[in-house]
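Working notes, beginning with the structure itself.
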């Protein structure tokens, strides 16, 4: 089969997909569409890719649609793509409500199509390395996980100067309205459910702690704290904010010590293990941490740009692999829907939601072939 993609939306994130495309051989962009004609032309000229005149024009191509539109438009646009018989890889979240995400899931199932969701970092080397170490029992039985996705006090950042390669400004107003939990929690939720499968219960709280952000509200919570109870995994605490100092660390506490990784947005981030020791009656983790590595090569890497060093095309590549091998897509189906429900539960928790049972499930992800 051909490995053709169409880009629906060419805002800030679309440039990150194009940078990743340069490192991912065999995938070709055959069409791009955006309702902002000026942005569309500028993007297509910069990357030398063909512009489409309308959504119908884009859907006339036999290609996987990368839905890179505003999150509030994901449901309607993905629905239109699925109804046109196109496989869809959507930026996060699948939809702004679990009800709409389930409707898309059902539509894709009925039509025999793949509906997959970003982020695809669970397919990356760092996540796969840590997953391999967990299966190998490097840290012993995992008892608890602490994961952080804090990005600093963003409302005071120089975000007006943040521009994509083709000249798209960082969409601060939309980012503040959608919220850091919907934008970022999936980076570690994806890792966690890829290793352990379903979250049974979410106990979370979320709040807007910084009032009067720039732009027109209402704005989403800028801080969330969640405790995730898995069907078959350790209790996990996950924080997301654009308030606390930058920290993207994840630590898996096991019987033998601690597995850790410091950079969720770097596919090549180092995974380390610190053995637990007793020194002069003091219990501690060894200051000498062992690097855990997989055999190389793994997957194509993308050099750092801005805050990230991630190959955004790992997800679309996985969709094509699944189609060619006639198997379920690792980041599609139950996985994509469950990640969406868990993320929305945290985002919408507020002050009084309490314990929230999940209504969707997924199985742990099959490791990538190079991580076995």
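The values are calculated or read from the model by the stated rules, or taken from the named source; none is laboratory data. Predicted model, so just to flag it, every value in this text is computed and none were measured. Heads up, the Cβs are rebuilt from the backbone with ideal geometry, glycines too, and the neighbour counts pull from every protein chain shown.
Checking the structure you have, find out if any residue of region 250-261 is at pLDDT 95 or above, at positive phi, more than 20 Å from the chain's Cα centre (by Cα) and assigned by TED's automatic domain parsing to the domain that holds residue 339.
yes
Looking at region 1-17, which of its residues are in contact with a helix residue (DSSP H, G or I) (Cβ under 7 Å, 6 or more places away or on another chain) and farther than 20 Å from residue 57 by Cβ?
The answer is 1, 3.
So for region 262-274 (the condition being in the same structural domain as residue 364 (by TED's automatic domain parsing), over 18 Å from the mean Cα position of the chain (by Cα), over 25 Å from residue 142 (Cβ atoms) and surrounded by fewer than 20 Cβ atoms within 10 Å (Cβ to Cβ)), does at least one residue qualify?
Residues of region 262-274 in the same structural domain as residue 364 (by TED's automatic domain parsing): 262-274.
Cutting the leftovers down to over 18 Å from the mean Cα position of the chain (by Cα) gives us 270-274.
Now restrict to residues that are over 25 Å from residue 142 (Cβ atoms): none.
Scanning region 262-274 turns up no residue that is in the same structural domain as residue 364 (by TED's automatic domain parsing), over 18 Å from the mean Cα position of the chain (by Cα), over 25 Å from residue 142 (Cβ atoms) and surrounded by fewer than 20 Cβ atoms within 10 Å (Cβ to Cβ).
When residues of region 157-183 are filtered for being in a helix (DSSP H, G or I) and either in contact with a helix residue (DSSP H, G or I) (Cβ under 9 Å, 6 or more places away or on another chain) or farther than 26 Å from residue 207 by Cα (or both), how many remain?
Residues flagged as in a helix (DSSP H, G or I) and either in contact with a helix residue (DSSP H, G or I) (Cβ under 9 Å, 6 or more places away or on another chain) or farther than 26 Å from residue 207 by Cα (or both) within region 157-183 amount to 13.
What single numbered condition from (1) within 19 Å of residue 312 (Cα to Cα); (2) touching a helix residue (DSSP H, G or I) at 6+ places or on another chain (Cβ under 8 Å); (3) crowded, with 21+ Cβ neighbours inside 10 Å fails to hold for residue 206?
With respect to (1) within 19 Å of residue 312 (Cα to Cα); (2) touching a helix residue (DSSP H, G or I) at 6+ places or on another chain (Cβ under 8 Å); (3) crowded, with 21+ Cβ neighbours inside 10 Å, residue 206 is out only on (1).
Take the conditions closer than 29 Å to residue 39 by Cα, in contact with a helix residue (DSSP H, G or I) (Cβ under 6 Å, 6 or more places away or on another chain) and crowded, with 17+ Cβ neighbours inside 10 Å and apply them to residue 190. Does it pass?
Judged against the criteria, residue 190 is not a match.
Conditions: (1) under 14 Å from the mean Cα position of the chain (by Cα); (2) under 30 Å from residue 162 (Cα atoms); (3) modelled with pLDDT of 95 or more. Residue 308 meets all but one. Number of the miss?
(3)
Does any residue of region 209-222 turn out to be outside any loop (DSSP other than H, G, I, E, B), in contact (Cβ under 8 Å) with a residue 40 or more places away in the chain and surrounded by fewer than 23 Cβ atoms within 10 Å (Cβ to Cβ)?
Scanning region 209-222 turns up no residue that is outside any loop (DSSP other than H, G, I, E, B), in contact (Cβ under 8 Å) with a residue 40 or more places away in the chain and surrounded by fewer than 23 Cβ atoms within 10 Å (Cβ to Cβ).
Can you work out which of the residues in region 248-282 that are without any contact (Cβ under 8 Å) to a residue 24 or more places away in the chain and assigned to a strand (DSSP E or B) is farthest from residue 144 (Cα to Cα)?
Checked region 248-282; the qualifying residue farthest from residue 144 (Cα to Cα) is 279.
Is there a residue being surrounded by 23 or more Cβ atoms within 10 Å (Cβ to Cβ) and either under 19 Å from residue 335 (Cβ atoms) or outside the structural domain of residue 169 (by TED's automatic domain parsing) (or both) anywhere in region 36-47?
yes
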